[in-house]
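Here's the structure, in structure tokens; my notes come after.
Every number in this text was worked out from the coordinates using simple rules, so none of it is lab data. In this text the structure is predicted, and so the values were computed from the model without any measurement. Cβ coordinates were reconstructed from backbone atoms using ideal geometry, including for glycine residues, and neighbour counts include every protein chain displayed.
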Amino acid sequence: MKINPLFPQTHLSLLTTRERGAQQQSPLTQEQERSTKQQADLVKLQARDREVRAHEQAHIAAAGGLAKGGATFSLQLGPDGKQYAVGGEVSIGTSPVSGNPEATIRKAQQIRAAALSPSDPSSQDQAVAASAGSLEAQAHQELKKEKQEATTSEKENTPSPIFPRIDLFV
């Protein structure tokens, strides 16, 4: 609204009227607004809690024995005084299986499946899945190297065929 320099009191009286209207709002209405906002916040927190717990449970179920314990949650106090999960994580063993590339490949595949098991994997979940893919690729290379070494070793240890010599004197 533009201020008219000829009628400054009009503007001031409008503001004063608005301010008086806001101040005269009944305490019950203010309490109802606060209660409605708290109820909306509570509904959002409850939905987030269900989402987080389902997400972490999907990781645990897919990880199987690779999960180290249960889920750990970041909690937030709701307007009702209860704690609600707003974030979470599950620790999973990601080290290769020493001396066994085939087992490492299976483990890497399970890690990837666990990381991507929720319907909405987070960026951290996707990073873990990518890391599992690298672990699997390294294990495939190690397995290929072992097979090549075994093939080379077999060739070296296989006696060359001996052709009988026949001496002919004519």
(message) With Kirkwood's inverse mean 1/r over C-alpha pairs for Rh, give me the Rg to Rh ratio of segment 33-87, two decimals please.
(response) 1.14
(request) Find how much the distance from V86 to Q141 grows on full extension, using 0.36 nm per residue of separation minus their present alpha carbon separation; answer in nm with one decimal. (result) 15.8 nm
(message) Taking R0 as 45 Å, what FRET efficiency do you get between E31 and S131 from their Cβ-Cβ distance, rounded to the nearest 0.05?
(response) 0.30
(message) Treating only the Cβ of Lys, Arg, Asp and Glu as charged (+1, +1, -1, -1), what charge dipole size does segment 34-134 show about its Cα centre? Round to the nearest 20 debye.
(response) 160 debye
(message) Within 15 Å, Cβ to Cβ, of K82, how many net charges do the neighbouring residues add up to if Lys/Arg are +1 and Asp/Glu are -1?
(response) +1
(request) Quantify how much of the Cα-Cα distance distribution of segment 49-154 extends past 18 Å, in percent. (result) 55 percent
(request) Please give the residues of segment 69-86, grouped as numeric ranges, whose backbone N is less than 19 Å from a label point set 7 Å along the Cα-to-Cβ vector of Q57. (result) 69-76, 83-86
